[in-house]
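First comes the structure, then the notes that go with it.
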Amino acid sequence: MDGRFDFSAEITDAVVEIFNISVNRAAAALSALGSTEVVLNVPTLDVVSRDTLPALLRQSCDGRISGIRQSFFGTIEGDALLLFPERESLELARSLVPNPDEIDDMTEMEREALLEVGNIVLNACIGSLADLIANEIDSSIPFLLGGEPEQLCATMISRGQSDLLLLRIDFQIQERSLGGYILFVLDLKAAGALRRAVEAIVLSFRDA
Amino acid sequence: MFESASDPPGSGSSSCLTMADLIEVGIIVLTEDGCIALWNEWIARRTGVAPASATGRRLHELFPGQVSQALLVAIDECLNHGRSRSLSASLHRAPLPLRSAFGDAADPPEHGILVRSVKRAERPRRCLIQITDVSSAAARERALREQVRAKQAAVARLTGLLESSMDGILQLHSDGTILSANRAAERLFGRVPGGLNGQPLVSLIPSLACVHGSDMVATIRSLIGRRQEHLAWRADGSVFPSELSVSEIGGDAVHRFSAFVRDISQRKMFERELEDNNARLAQQTHALAAVADRLERSLRQAEHMRVQAETANQTKTNFLAMMSHELRTPLNAILGFAEMIENRIFGDKDADIYATYGQYIRKSGAHLLSLVNDLLDLAKIEAGKMTIRRDPIDIRYLGLACLALMQGQAREREVELVAMLPESLAPLLADERLVKQMMLNLLSNAIKFTLPRGRVVLGAEVDMHGATTVTVHDSGVGMNAEDLARALEPFGQANDLLVRHHQGTGLGLPLVRSLMELHGGELDIRTAPGQGTTARLRFPPNQVVAVQRVAG
């Protein structure tokens, strides 16, 4: 390891594939819950620097961002995030909670509902990842976060991390045309662990 | 704490349990095989299951068929895969059979549940379930939603009211800027929806700038509570009369006002029509009054003419009756005395008597002649045929001549004639024959109505304006006002016994008056019973010729 992310195209494809499976499970869980169809795009894997992340977030979500964060621990440690433009997070919460009255702020009940939705999606992703690498990964309870992209990045990414592995999955909730994305933020150590795990899988497939 | 909780209850680590009991949330700790290791006081209260009864058992054993599938899956995922889960009250109804804090079964409580995977070092994974009663928060939110819905409905009703108003309604900032306007206002001023927002009110009603100049706050305040009429401008530059009233919107520290604007063109038009109609009506009334006035005047004139005609007719009848009498009397005398002379009824012995009769006949004839002359003159004047000459007359000379002519008559009645005629009288421009006739008439009358030993004075003077006045004053019987009025009418005094007695023609004074009028002057008679009579002939000033010219 040279201390930098070093994912070959093959590994990258494998990671994308793995997450695709996870995310599809999450979509199924979400659809069942909200009785609405959730469409998830093929994930993309990028290595970004800590400093460029806010600008990247802004490209997709201009203005304030709402999200759910879950940390995971075990063989691979990192943060999983589900992010939406703030306005859309409100819409999503309203789609889940009956009695959709127009109250400007998100209510406590709506926050809880949103939290659970994020929790389901992120747990599905973390679970798929754990299954894949055949290792135990525990997840923390989810937290809601919100703010400008800069604030968000400052609170969720520790100073020590300069490069981040960014796994991005865009999704749309049909009928409401809501969109957002899922981020997996891994540090160097975690990324290395992931690569090794994925390499092992790829090798096992080759051997087979 | 969790390590302690795994120890058997009452094994000396009960302090942790006691602490968990102090927390106002439900805490359940499950061991790796799903058995209950910790069951705090809160959860015991809400489930009715004491910690001693719960410990060591599994949830689905405690509440068979009453634990939700979602919670069971979450616990399974937690213990077997280390996933933490949150179950929201909005999405999960009654994951556990919990009572409400007040034991009220009618309104089931709502709970948020966190299922947390807890793993420390190499020890087996445990599951911490945290249950929070969110019923009151949920109830508050429902109440809030209800309030919001009621407010939105109220706002919708008010908005509907404002929008359906026929009047333009503007919300104003205290600086006179329009904050919002209803559709009626936008239509009134010919603007698109939202086109009035941000505009100054003065741009719509320029005359407001004249109220308090640039002090818009004062201007707007001055409009509060009273209706004012102003000309308002539409977007296309056309103008319409409007009625404006303003009220202050209370509440905030910031002053805001609402203005109500109404197009009153139609009302103005009606008012103008009404005014026009009133004016026309007034004109017609005036014209009618004028017609009525003319009619009344015509009626009065007609009445006057009728009375005059009647009077004239009566006068004529009287005149004819008097005339025939007056003419017949001297004629009878003439005929009677002439017959006596013809038949020589006294024979030839007293020849002198016939001379006396002849004198009677002559006097009667002369009287008849003067009567006929006066009549002819009057008729001539009335017919407008009488023309007068303008000769310079020496009044003193003429007066003396007249006195001389009347001397005989005066002596007969023992009346003294006096002349008061100054020598230096300026000549009068008049008709000499007519002036003489007037003087003789007045002197004759004066002598006739003056008792014996009375006197008649003839005077004349020229006043400072050059007007000549001839005066005939007698010390006679005089007249009252009624007699005088009658005396001035032709034969007016015919019934007067005195007149009969004195054989007047009854035409003297009317004739003198008519002749004076012909000269542009007037006859003035001052008299009272027993006070004598003064008759004045006043000639106008221009009738006098300058003395020196005549002298020259």
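Since every read-out is calculated from the coordinates, none of them should be taken as a lab result. No experiment lies behind these values; they were computed from the predicted model shown. Note that each Cβ is placed from the backbone with ideal geometry, even for glycine, and that neighbours are counted across all protein chains shown.
A compact table of results
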read-out	value
Charge-dipole axis of segment B:320-475 as Lys and Arg at +1 and Asp and Glu at -1 on Cβ define it, positive-most pick from B:334, B:404, B:465	B:334
Cut-off 11 Å between beta-carbons: net charge of the residues surrounding residue B:267, Lys and Arg +1, Asp and Glu -1	-2
Where only alpha carbons of the protein assembly as shown are counted, the Rg and the Dmax (Å)	70.3, 217
Which of A:153, B:35 has the fewest Cβ neighbours within 10 Å, and the rest in rising order	B:35, A:153
Chain B - charge dipole about Cα centre, Lys and Arg +1 at Cβ, Asp and Glu -1, debye rounded to 20	1240 debye
Burial ordering of B:233, B:42, fewest other beta-carbon atoms within 10 Å first	B:233, B:42
Other-chain or far-sequence residues with amide H under 5 Å of residue B:38's (modelled H)	B:29
C-alpha center-to-center spacing [segment A:27-89, segment B:319-352] in angstrom	165 Å
Value of [θ]222 nm, deg cm²/dmol, for chain B, DSSP H segments ≥ 4, -39500 (n - 2.57) each, nearest 500	-15500 deg cm²/dmol
Shielding by partners, peptide A:110-121 (average Cβ within 10 angstrom, other chains)	5
Sorted by Cβ neighbour density within 10 Å, fewest at the top, the residues B:424, B:84, B:324	B:424, B:324, B:84
Most positive-pole-ward Cα, B:441, A:182, B:388, against dipole of the protein assembly as shown from beta carbon charges	B:441
With Cα atoms, 0 to 90° folded angle of helix B:432-448 axis to chain B main axis	80 degrees
Helix axis angle, B:69-81 relative to chain B longest principal axis, alpha carbon, degrees	50 degrees
Charge dipole (debye, nearest 20) of segment B:165-263; +1 at Cβ of Lys and Arg, -1 at Cβ of Asp and Glu	140 debye
Relative packing of peptides A:112-120, B:296-304 - highest average C-beta neighbours within 10 Å first	A:112-120, B:296-304
Protection proxy ranking, peptides B:358-364, B:165-171, average beta carbon neighbours within 10 Å, highest first	B:165-171, B:358-364
C-alpha center-to-center spacing [segment B:67-133, segment B:192-256] in angstrom	63 Å
For B:75-86, mean number of other protein chain Cβ atoms within 10 Å	6
Per residue convex hull volume, Cα atoms of chain B, in Å³	404 Å³
Taking chain B and dividing mean pair separation by its residue count, relative contact order in percent (alpha carbons under 8 Å, at least six apart)	7 percent
Cα centre as origin, Lys/Arg/Asp/Glu Cβ charges: the protein assembly as shown dipole, Debye	3440 debye
Given charges at Cβ of Lys, Arg, Asp, Glu: the protein assembly as shown dipole, positive-most of B:478, A:145, B:417	B:417
Cα-based helix-to-principal-axis angle, B:135-164 vs chain B, degrees rounded to 10	20 degrees
Other protein chain Cβ atoms within 10 Å, averaged over every residue that makes up A:122-133	2
Candidate lysines - alpha carbon under 18 Å from residue B:316, same-chain residues fewer than 8 apart omitted	B:380
Highest average packing first - B:173-179, B:315-321, Cβ atoms within 10 Å	B:173-179, B:315-321
Rounded Å value of the spacing that divides the Cα centres of segment B:392-461 and segment B:31-65	166 Å
